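Engineer: This is the structure I want to talk about, given as structure tokens.
The values are calculated or read from the model by the stated rules, or taken from the named source; none is laboratory data. All values derive from a computational prediction rather than experimental measurement. Reconstructed Cβ throughout: ideal geometry from the backbone, glycine too, with neighbour counts over all protein chains shown.
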Amino acid sequence: MSEEQKIAKWYIVHTYSGYENKVLQNLEKVVAHRGLEEFFEDTKIPTEIVTEYKGEKSKEVERKLFPGYVLVKMIMTDESWYAVRGIHGVSGFVGTPTKTGGTKPVPLTKEEVERLGVSGVKTAEVDYQVGDSVVITSGPLEGQAALVAKIDTAESKVTVVITMLGRKSEVELEFAQVRKA
């Protein structure tokens, strides 16, 4: 085995929908049982933490970024390939088609790994959208009706338009300060 082949690389494994966690657990068991720890460095299911706002309540939910896929950092050998492919729920590696009808696993580039390995990223989700009527639930404008003008999920802020003294004004608020009317 050449030095290049001894370096673990990230591969994408395609699984049946909903089997990601089971495949991950079973892969860890197979690796331990067969003594293949030297070929496998890491496994990951890319997830994000989403804050869902419904009315005045909010809760954080972990969601899979790519349902049906598991990332595996491994040294690709026949033995390690068979270990992964033999797990119930795995339908194959993501890669390039071969002449025999199979798929040749293709490792991810460094840039792709950085984009995909985003476990722990926080975003937010609300039950209203631009143009919806909302009510401000806290702060000096509490009880005021408004229209949603802009939603910034990265900052968990919403810009609303309110009418005060016959004039329209834009106000930026936290997601928790607004509920759907």
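Engineer: Do we find a residue being acidic (Asp, Glu) and assigned to a strand (DSSP E or B) anywhere in the stretch 153-169?
Structural biologist: Checked the stretch 153-169: no residue is acidic (Asp, Glu) and assigned to a strand (DSSP E or B).
Engineer: Pull out all pairs, ordered by first then second residue, where Cβ-Cβ is under 9 Å, the residues are six or more apart or on different chains, the first lies in the stretch 46-57 and is free of Cβ contacts under 8 Å to residues at least 24 places away in the same chain, and the second is loosely packed, with under 15 Cβ neighbours inside 10 Å.
Structural biologist: Listed by first residue and then by second, the contacts come to nothing, as the list is empty.
Engineer: Is it the case that Val13 is of a type in the set (A, V, I, L, M, F, W, C) and either modelled with pLDDT under 90 or not in a strand (DSSP E or B) (or both)?
Structural biologist: Criteria not met by Val13.
Engineer: Out of (1) of a type outside the set (Phe, Trp, Tyr); (2) more than 30 Å from Leu173 (Cα to Cα); (3) exposed (fewer than 12 other Cβ atoms within 10 Å of the Cβ), what's the single condition that is false for Gly95?
Structural biologist: For Gly95, the exception is condition (3).
Engineer: Filter the stretch 39-49 down to the residues that are surrounded by 13 or more Cβ atoms within 10 Å (Cβ to Cβ) and among the charged types (D, E, K, R) and list them by number.
Structural biologist: Glu41, Lys44, Glu48
Engineer: Further question: Kindly indicate whether any position in the stretch 119-126 is under 30 Å from His33 (Cβ atoms), assigned by TED's automatic domain parsing to the domain that holds Trp10 and without any contact (Cβ under 8 Å) to a residue 60 or more places away in the chain.
Structural biologist: No, the stretch 119-126 contains no residue that is under 30 Å from His33 (Cβ atoms), assigned by TED's automatic domain parsing to the domain that holds Trp10 and without any contact (Cβ under 8 Å) to a residue 60 or more places away in the chain.
Engineer: For the stretch 20-51, name all the residues that are touching a Gly at 6+ places or on another chain (Cβ under 8 Å) and either farther than 13 Å from Gly89 by Cβ or modelled with pLDDT under 90 (or both).
Structural biologist: Matches in the stretch 20-51: Lys44, Pro46, Thr47, Glu48, Ile49.
Engineer: Separate question: Out of the residues in the stretch 61-97 that are closer than 30 Å to Val134 by Cβ and without any contact (Cβ under 8 Å) to a residue 24 or more places away in the chain, which is nearest to the chain's Cα centre (by Cα)?
Structural biologist: Here the residue is Arg63.
Engineer: Counting only residues that are assigned to a loop (DSSP other than H, G, I, E, B) and either touching a residue at least 40 places away in the same chain (Cβ under 8 Å) or farther than 19 Å from Thr51 by Cα (or both), how many does the stretch 127-137 have?
Structural biologist: Residues meeting the conditions: 5.
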